[in-house]
Amino acid sequence: MDYDLIVIGGGPAGYVGAIRAAQLGKKVVCVEMERAGGTCLNWGCIPTKALLKSAEIKQLLGHVADYGLSIEGDVKFDFAKIMGRSRTVSDTMAKGIEYLFKSKKVDYVVGKAQIQSPADAGIKKVVVTGADGKTQTLTGKAILIATGAKPRKLPGVEVDGVKVMTSREALATKTLPKSIIILGAGAIGCEFAYFFNAFGAKVTIIEMLPQILPVEDAEVAELLKKTFIKNGIEILVDTKVEKTEVGAKGVKLTVAGGKVLEADHLLVSIGIEANLDGLLGAGVKLDVDRGYLKTNDRYETSIKGIYGAGDIIGPPWLAHVASHEAVEAVEGLFVPGKKPHKVTNFPGCTYCQPQVASIGVTEKKAKEQGLKFKVGKFPYRASGKAVAAGDPEGFVKLIIGEPHGEILGAHIIGADATELIAELGLAITLEATTDELSSTIHAHPTLSEMVHEAGLAAEGKPIHI
């Protein structure tokens, strides 16, 4: 056999799993259809953050007078250069992954992989077809499937990359839309809404559920909604689209109640679906559940020796979760006595402004589960660091279990929320209580002091509110 492990997919699950296996002394190959880094690095997490940074700076420059500074005339921008910078960032990071493969002695093959029915139970075969049509066969003891997911399309509506886009096409556009309807208000929809709005596009968000960012705490979602509306974004929640028409001049959506919305472009961000296209050859059958690869507590599929990790095995669809799952799967395969665990404690982040980050249960979920809890909340406007930085909007909210004071959930909206959440993830992992959180000295002045104060608030003894 050629390899101890064949990894299919080079995204956050695939490349991390491949590197971890190599660290364990195994001979590994990673097969990627497009470019190392997968969707996250090339068409998702990384390039969108580059765009959002441009939007953040653009908005900040519009308020420099608040900081005692002045700029003559309007802030000008080159939208094509903004998009180009995003692609450059992705290219740089992709080269970094390719370098890691080389330095860690992981073989890297670009092409479309298809798993073949093994000649015997101990050998796994994967045929890889390159862009030139040539094929090669790889054999190994085990396979890790990490092919991720792709944007879910709107039934009956063709994605042409111009009038109708998914997040992938939106990342390749060179022209700022004058008007755009965003269908779906999850993290992707809200991030693109913030980005396009910051540069002057007329943005409308349609969400069929009662709130934007449906998985987040209701108070957090409501504050973000108010901020978006204040910035000129039109938001329709609890709204179902009944008809979608694409014409020569743009798109027209009819929603429940007969209201008609028109725009130059439509961005479909209604979720993702597993990427299993063409992966399984004749005779290879894997169990799926709701379209996602079904795995057991060791991340093994219904075929012995074939494993799955990342978005391909279902929610949560997060890069950091995918990486963790891949490491668990690989260590469970190659480390004697290692018992992999399924991910239960993970942060979720949305990188618009204000940022949103959370971990653990929401207040609504805690009530639904019948948990005994109390809430500790601290506003950004009471933080010296936040006010000094000109970021007084937002709050830190903790869901605290009773009677022991353990942290059940944390929800933050405001500047650098996506950085602040890490402390609370560690606290939940260590089963820390508010007493331990409050007795940990936080540097002053920092935004992290708000976590300390929210813990104190839950105990009825906050200092600064």
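The values are calculated or read from the model by the stated rules, or taken from the named source; none is laboratory data. As the structure is a prediction and not an experimental result, all values here were calculated from the model. Glycine also receives a Cβ, built like all others from the backbone with ideal geometry; neighbour counts cover every protein chain displayed.
General observations
- Selection from the range 367-421 of residues that are touching a Pro at 6+ places or on another chain (Cβ under 6 Å) and charged (D, E, K, R): ARG381, LYS385, GLU393
- Boolean, ILE8 is over 17 Å from TYR99 (Cα atoms), surrounded by 22 or more Cβ atoms within 10 Å (Cβ to Cβ) and more than 20 Å from the chain's Cα centre (by Cα): yes
- Out of VAL321, VAL361, VAL330, sole residue that is over 23 Å from ILE19 (Cα atoms), among the β-branched types (Val, Ile, Thr) and either at pLDDT below 95 or not assigned by TED's automatic domain parsing to the domain that holds GLY186 (or both): VAL361
- Pair list, Cβ under 7 Å, 6 or more apart: the range 295-306 residue farther than 15 Å from VAL330 by Cβ and of a type in the set (A, V, I, L, M, F, W, C), other residue at pLDDT below 95 and in a loop (DSSP other than H, G, I, E, B): ILE303/LEU286
- Counting only residues that are outside any loop (DSSP other than H, G, I, E, B) and in contact (Cβ under 8 Å) with a residue 40 or more places away in the chain, the range 420-456 holds 15 of them.
- Flag if THR88 is touching a strand residue (DSSP E or B) at 6+ places or on another chain (Cβ under 7 Å), within 30 Å of ALA21 (Cα to Cα) and polar (S, T, N, Q): no
- Selected residue (criterion: farthest from the chain's Cα centre (by Cα)) from residues of the range 80-108 that are surrounded by fewer than 17 Cβ atoms within 10 Å (Cβ to Cβ) and not in a helix (DSSP H, G or I): LYS105
- Among the residues examined, LYS385 qualifies as outside the structural domain of TYR194 (by TED's automatic domain parsing), crowded, with 18+ Cβ neighbours inside 10 Å and at pLDDT 95 or above.
- The criterion of being surrounded by 21 or more Cβ atoms within 10 Å (Cβ to Cβ), within 17 Å of VAL215 (Cα to Cα) and out of contact with any Ser or Thr (no Cβ under 9 Å at 6 or more places or on another chain) does not hold for THR350.
- Residue that is nearest to LEU24 (Cα to Cα), among those in the range 109-139 that are among the charged types (D, E, K, R) and surrounded by fewer than 15 Cβ atoms within 10 Å (Cβ to Cβ): ASP120
- Of all residues assigned to the range 379-386, at least one qualifies as being on the phi < 0 side of the Ramachandran plot, in a loop (DSSP other than H, G, I, E, B) and touching a helix residue (DSSP H, G or I) at 6+ places or on another chain (Cβ under 8 Å).
- Residue within the range 205-213 that is assigned by TED's automatic domain parsing to the domain that holds HIS265, free of Cβ contacts under 8 Å to residues at least 24 places away in the same chain and either surrounded by fewer than 16 Cβ atoms within 10 Å (Cβ to Cβ) or touching a Pro at 6+ places or on another chain (Cβ under 7 Å) (or both) present: no
- Count - residues of the range 236-264 that are of a type in the set (S, T, N, Q), over 18 Å from PRO210 (Cβ atoms) and touching a residue at least 24 places away in the same chain (Cβ under 8 Å): 1
- Subset of the range 180-199 that is touching a Phe, Trp or Tyr at 6+ places or on another chain (Cβ under 9 Å) and not in a helix (DSSP H, G or I) - its residue that is nearest to ILE272 (Cα to Cα): ILE182
- All positions within the range 406-434 that are surrounded by 19 or more Cβ atoms within 10 Å (Cβ to Cβ), on the phi > 0 side of the Ramachandran plot and touching an Asp or Glu at 6+ places or on another chain (Cβ under 7 Å): GLY414
- For the range 97-143, the tally of residues that are in contact with a strand residue (DSSP E or B) (Cβ under 9 Å, 6 or more places away or on another chain) and acidic (Asp, Glu) stands at 2.
- Being basic (Lys, Arg) and part of a loop (DSSP other than H, G, I, E, B) is a property that holds for LYS26.
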